[in-house]
1. Pairs under 8 Å by beta carbon, first residue modelled with pLDDT under 85 and surrounded by fewer than 20 Cβ atoms within 10 Å (Cβ to Cβ) in the stretch 35-56, partner among the acidic types (Asp, Glu) and in a loop (DSSP other than H, G, I, E, B), six or more apart or different chains?
2. Among the candidates Arg437, Arg433, single out the residue that is basic (Lys, Arg), out of contact with any Asp or Glu (no Cβ under 7 Å at 6 or more places or on another chain) and at negative phi.
3. Check whether at least one residue in the stretch 741-757 is polar (S, T, N, Q), within 30 Å of Ile147 (Cβ to Cβ) and in contact (Cβ under 8 Å) with a residue 24 or more places away in the chain, and report yes or no.
4. Are there any strands (runs of 3 or more DSSP E) wholly within the stretch 437-519 with 3 or more residues that are surrounded by fewer than 18 Cβ atoms within 10 Å (Cβ to Cβ) and modelled with pLDDT under 95, and if so which?
5. So which residues in the stretch 562-590 are over 16 Å from Asn622 (Cα atoms), surrounded by 15 or more Cβ atoms within 10 Å (Cβ to Cβ) and in contact with a Phe, Trp or Tyr (Cβ under 8 Å, 6 or more places away or on another chain)?
6. Can you run down the residue pairs with Cβ atoms below 6 Å, 6 or more apart or on separate chains, where the first is in the stretch 288-302 and more than 16 Å from Lys335 (Cβ to Cβ) and the partner is among the charged types (D, E, K, R) and surrounded by fewer than 22 Cβ atoms within 10 Å (Cβ to Cβ)?
7. Please specify each residue of the stretch 143-164 satisfying the condition of being free of Cβ contacts under 8 Å to residues at least 40 places away in the same chain and surrounded by 22 or more Cβ atoms within 10 Å (Cβ to Cβ).
8. Looking at (1) more than 36 Å from the chain's Cα centre (by Cα); (2) within 23 Å of Asp160 (Cα to Cα); (3) of a type outside the set (D, E, K, R), which one does Pro100 not meet, given that it meets all the others?
Amino acid sequence: MSKKSKIAIIGRPNVGKSTLFNKLCGRRTSIVNPTAGVTRDRVYASGEWLDKNFDVIDTGGFVDSDEDIFNEKIREQVVEAVKESDSIIFLVDGKDGLNPNDRYLAKIVRQSGKKYVLAVNKCDTPEQLKNNTISFFDLGLDNPIGISALNGSGVGDVLDILLEESDSSKGTDTNESFSISIVGMPNVGKSSLLNSIIQKEQAIVSDVAGTTRDSIDTNIQWHGRKVKIVDTAGLRKTSKVDTDIEFYSSLRAMDSLTRSDIVLFVIDADKGFTKQDKTIANHIIKEGKPMVILVNKWDLTSDSDISADSFMLDMFDTFRLLEHYPILFVSAVTKRRISNILSTAWDVLDKHKEKINTKELNEWLVKATQKYPPPALQGKSIKIKFVDEEVIVRPTSETVIWSMYKKWIQSYRDLPLLINQWANVVRWEMRTRLFLRTTEFLWQEGHTAHETADDAEEETLKILEIYRQLAEDYLAMPVLTGIKTESEKFAGADKTYSIEAMMGDKRALQAGTSHNLGQNFAKAFDVTFQDRNNKEEYVYATSWGVSTRLVGGVVMTHGDDKGLRIPPKIAPIQTVVIPIVRSEEDQARIKEYVDNFLGDLIEQGVRIEVDWSNNSPGFKFNEWEMKGVPIRLEVGLRDMSDEQVIIVRRDNGEKQAVQVKELISIIPKMLTEIQSSLLQQAKDFQNANTNSVDNYVDFKKIISNDGGYIRCGWDGTPETEDAIKNETKATIRCIPFDSDPSGLSCIYSGKKAQHEVVFSKAY
């Protein structure tokens with residue numbers, strides 16, 4: 001397997017390095033926030049471009065100043081990133097223009113002798129692309145390239161340059177691997193332990209709590225195994241998390257814990273086992289993760305009377321479940337027992353993967369029931385004779401439905417037969433995706449039987465229209481409607497119609513399907529009826545369905561960097577009231593004030609909730625923004641005196657003061673506006689990323705770089721469809737109802753187009 005190219009991103013603070021990093025690796029790995037200096041450590045991730053794999057390094061913002069205590073450490077991290085990289089993306093801010101710190105970084109780039117690209121970020125429009133790059137010619141580097149890290153414009157050009165000579169093609173690594181996350185409270189020494197394990201200064205270490213903000217991935221080789229070690233942000237009590245950055249740091253830490261194979265849980269020996277330690281340990285256990293407990297800073301207890309045994313007894317007394325996990329008393333400073341950490345982790349992981357056969361399980365069960373007999377039921381003792389893990393997979397609905405159709409349908413008088421159901425479905429997915437492709441999912445499906453072909457077609461299109469209305473009128477998710485090609489239609493159907501939605505990453509989501517099955521299934525299951533002429537005839541049928549994938553569709557259509565944005569029509573809570581109180585007396589006064597308008601809004605049908613929790617106002621704002629509640633009402637003592645409330649819209653962030661007496665008319669109207677606004681935003685995004693092309697060169701360029709929908713001519717042959725799919729990974733989403741092939745040629749074969757189709761990459 002060839003060596004992957006390693007790309008370092010450097011630049012001064014707030015030029016968009018983390019945004020670009022996330023764009024390159026295809027997921028939100030680095031925390032993005034307008035606050036300068038959010039990223040401090042070197043953050044690693046893998047990316048993919050065309051047929052090449054690469055590693056990318058995000059670095060902290062470089063400032064030639066010692067005003068901030070972390071600046072020197074960040075400079076060291078930047079220098080190390082440049083040293084270990086194969087190429088550099090030197091990122092500058094096109095809106096702010098040339099900065100003295102840019103000149104300093106330009107020297108580092110020149111002195112490195114490495115391949116580089118001077119990328120001018122925030123060139124989001126053609127006008128900015130033209131004007132924002134001019135000032136950076138003064139740096140004396142190669143021609144700057146205008147990009148937009150936010151929407152991805154120009155990023156492909158940067159990768160083309162940096163990966164031009166790379167041979168890091170995709171391959172399969174057969175080495176055994178596992179991932180480890182290091183979790184614990186702030187300042188327990190997680191980063192110090194990481195540096196000690198890998199024997200280099202990977203993460204910035206300081207006495208300031210919360211130094212680590214991102215979850216930092218480090219890949220090493222250990223005894224022929226690939227090990228990914230993830231250093232995470234310190235986990236504080238929820239009530240003490242009072243900044244956006246810390247909030248998202250905690251989320252990243254919890255996500256890293258969930259994705260890891262094993263957890264290193266770090267405790268501060270000097271502070272002992274605290275209540276917050278117990279909370280973290282409990283979360284690890286609930287996640288079902290194998291764990292090694294590391295009691296760090298054990299060197300600080302050498303002068304005390306504390307022994308390892310007494311420390312463990314106190315810890316077990318507080319949380320009995322920890323008795324089952326190995327404990328190492330270590331010191332990142334003195335390197336005490338550091339060499340034992342990975343071997344212990346591997347042993348625990350190995351035991352965690354052990355399978356217990358049925359015989360051993362039943363032998364254990366006999367002993368357990370003998371020692372602890374189960375309680376009697378109605379005076380009779382319960383006898384458990386055998387235990388096994390039974391797996392029952394539900395058959396496909398067609399098997400169930402059509403076997404019953406044969407019993408239910410005898411005559412045309414029994415038709416139409418219309419069945420609607422909600423059911424859990426199990427499918428084998430090679431790669432699961434949250435909401436979109438899960439092994440088991442809940443879906444709504446329909447099965448109908450009809451007398452004539454026209455009746456079946458009418459039903460198929462009627463359901464498709466219902467799905468379109470659901471998507472657009474309720475979910476605020478614009479969709480294309482059309483018919484699937486022969487290769488993309490449901491197996492056994494005459495026709496498959498679908499609704500196709502564009503997600504925030506410009507990929508297509510098949511959000512719902514409606515199938516005209518004709519008589520195919522009727523013939524397969526031998527389902528006939530006596531028609532009006534007393535002749536035996538096969539029934540005509542349809543089937544259709546949507547699933548919990550629509551939840552994912554809503555998230556990816558409307559979500560932003562703050563979290564969800566839920567359309568008001570489907571929001572369980574449409575308006576949340578945030579009282580801003582400082583004392584119990586304030587709470588009583590504000591409650592009375594809120595109660596005066598709360599009932600009126602509820603009578604108007606507004607789904608409303610008041611957050612009386614003890615969390616800080618800032619935490620509440622972040623939490624409800626993340627949950628996507630459409631409207632937030634802020635009420636404080638000053639608002640009371642002015643007889644007003646502060647209204648904040650989740651869709652656009654607009655904030656305004658409104659008199660209380662006007663709320664009853666403003667809130668319902670605003671909810672309607674938000675619903676329309678979200679739909680319009682999604683429509684504008686879809687339109688902006690829909691292109692019409694007439695040649696294959698432009699087609700491939702757009703699919704590779706920009707993504708989105710491409711409308712073009714197709715000659716109607718499966719050979720052409722397959723060739724385009726194999727070469728670009730794009731598929732025909734549908735032949736839209738407004739398809740007009742007149743005057744079009746097939747983009748691939750050049751032949752006269754039989755259809756105007758919509759191509760896109762999909763999930």
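The values are calculated or read from the model by the stated rules, or taken from the named source; none is laboratory data. Here the structure is a predicted model, which means the values were calculated and not measured. Quick reminder, even Gly has a Cβ in these numbers, built from the backbone with ideal geometry, and neighbours come from all protein chains shown.
1. Filtered contacts from the stretch 35-56: Gly37/Asp68.
2. Checking each option against the conditions leaves just Arg433.
3. no
4. Output list reads 440-450.
5. Answer for the stretch 562-590, where residues must be over 16 Å from Asn622 (Cα atoms), surrounded by 15 or more Cβ atoms within 10 Å (Cβ to Cβ) and in contact with a Phe, Trp or Tyr (Cβ under 8 Å, 6 or more places away or on another chain): Pro567, Lys569, Ile570.
6. Listed by first residue and then by second, the contacts come to nothing, as the list is empty.
7. Hit for the stretch 143-164 is Ser148, nothing else.
8. Here Pro100 clears every test but (2).
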